[in-house]
Structures are given as structure tokens and as C-alpha cells.
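The values are calculated or read from the model by the stated rules, or taken from the named source; none is laboratory data. The shown structure was predicted, so the numbers you read here are calculated from the model rather than taken from an experiment. Cβ placement follows ideal geometry from the backbone for every residue including glycine, while neighbour counts extend to all protein chains displayed. Please note that ligands, DNA and RNA were not included when accessible areas were found on the heavy atoms of the full protein model with its side chains. Shrake-Rupley method; radii C 1.70, N 1.55, O 1.52, S 1.80 Å.
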Amino acid sequence: MSHPTDSDNYFAHLNAINVNERVEKKGGFSYLSWPYAVAQLRLADPTATWEVRRFDGLPYLATEAGVFVEVAVTVKGVTLSQIHPVLDGRNRPLLAPSAFDINTSLQRCLVKAIALHGLGLYIYAGEDLPQPVGADAANDPIHPPPQTERPSLASNRPPVRRDNGRERINKTQQAQIHKLAIEVGVSLDRVLSYFGVAELGDIAANDFLRVIRSLEKRRQAA
């Protein structure tokens, strides 16, 4: 394979590479193998670099809409960045992802950032097209979400109420607990076990402040 010189259009070179044999299918979407993408990138430009963007020191940004990661790739002095949501196996946003989920999203984000420079860009064509009427998107929830607002921590509005009538913490509060747990070095499994629940969304609303206070005490003791 010929390699581009400084005078070549590196985008055209990377964009011309056929990556079909390296494409993996999962959840109805196409993904390019990240080791292959990195190898092709370094062959095209041995000086190419990439960086995981940090948010208050963390490699992800937790929001009400979900958790996001960002990776910037520099090729031939050109830096382009890509933002990617942390998704589950059905390509649905995760509000309380594990370290594995975040790492997987960073790898996919890296590949997409490389694609902005040309490599495998064509496999993402149509990813932003609307779904046909009546078709379910890969990241659609199995059941429609309840029509409830997401109050902030300082809000006086009632938290999410489930069908059994018991109040549970909302998604914003789940994200706050998850972020704080990571900051103080406490595993989510430990938090869930202490409150006898299977997932963050099962924590009772009146236990929210107890969780926050406990984690804050852990931070102060560190």
C-alpha cells in the first residue's frame, strides 16, 4: 500500500481504503474494528495522535440526556473531535454506565473521530437518516417512557413515581449518584447492595439524600 506524502490529500487517501472486511455488525449498526482503524491511521501518518477529552478530570460527561465521551484525533496537523453517547447493547443511552461501557464508547468514539479524517467514513452514511414510519430504531425503548418531568435536585416538584405508587429517584439524581460514587471510589454494586436494590432507578426518593451524604462523608474521610 502506498503512503501519502505531505503534499498528498490525506483525507482522499484514507477515504479510498476499503474497510468492508473489518466492519462488525451489532444492534443493527456497523462498527469498524478500532485496532484496524488505529493501524491504518498510523500507516497514513506516523505522527497522528488522539486524546480523550476530560470533564472535570473525568473521561465522560454525565447529563440528564445521558453520558457522553469525546475523542479528538490529529492527523497532519488537523484536529477533529467526535462526541459519542455511552450506549447499551441495544444502542440505548445509559445514565449509569459501568467502566466497561465507558471504555467501549471511547473506542467507538475514537473510530468515528478517525472516520472524520476519511477512514471508513462511508460506513456511517445513513446513520443519521430517519427511520421508516412504523419501524423501531435500535435505541428505541421497548416501552414508551412515562410522561413525567425530570426535576433537578433543587426542585420542589415530585420525583418520578412508578406504577406501584412508590416514589423512586429520577434519572438526574441517578446520574448524580453515579458520578459522585466514581469520584469517591465507591462501586455502584456496593451502593445498590446497601440499599437492597438491583439498579439505581430502584432507590427510593426519600433515600436520595442519605446516599449523597454517605458518599460525601467518604470523600471527606479520604
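The figures follow:
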| item | result |
| --- | --- |
| Heavy-atom accessible area ranking, 1.4 Å probe, most first, across F11, F208 | F11, F208 |
| Spin-label pair A198/V52, simplified geometry with 7 Å Cα→Cβ offset, distance in nm | 3.0 |
| Per residue, in Å², the accessible surface of region 32-117 once ligands and nucleic acids are set aside, probe 1.4 Å | 45 |
| Solvent accessible area, Å² - R54, 1.4 Å probe, full protein context | 150 |
| Solvent accessible area, Å² - T49, 1.4 Å probe, full protein context | 70 |
| E183 versus S81: modelled label distance in nm, points set 7 Å from Cα along the beta carbon direction | 2.1 |
| Extension reserve of the S33-E21 stretch, reckoned as 0.36 nm per residue once the Cα distance is removed | 3.3 nm |
| FRET E, pair R213, A65, Förster distance 22 Å, beta-carbon r, rounded to 0.05 | 0.25 |
| Virtual spin-label span in nm between E167 and N9, 7 Å along Cα→Cβ | 6.1 |
| Per-pair calculated FRET efficiency, R0 = 35 Å: R92 and N206 via Cβ, rounded to 0.05 | 0.80 |
| Cross-link partners of K112 among lysines (Cα-Cα below 30 Å; sequence separation of 8 or more within a chain) | K25, K26, K76, K171, K179 |
| Accessible area (Å², 1.4 Å probe, nearest 10) - K26 | 110 |
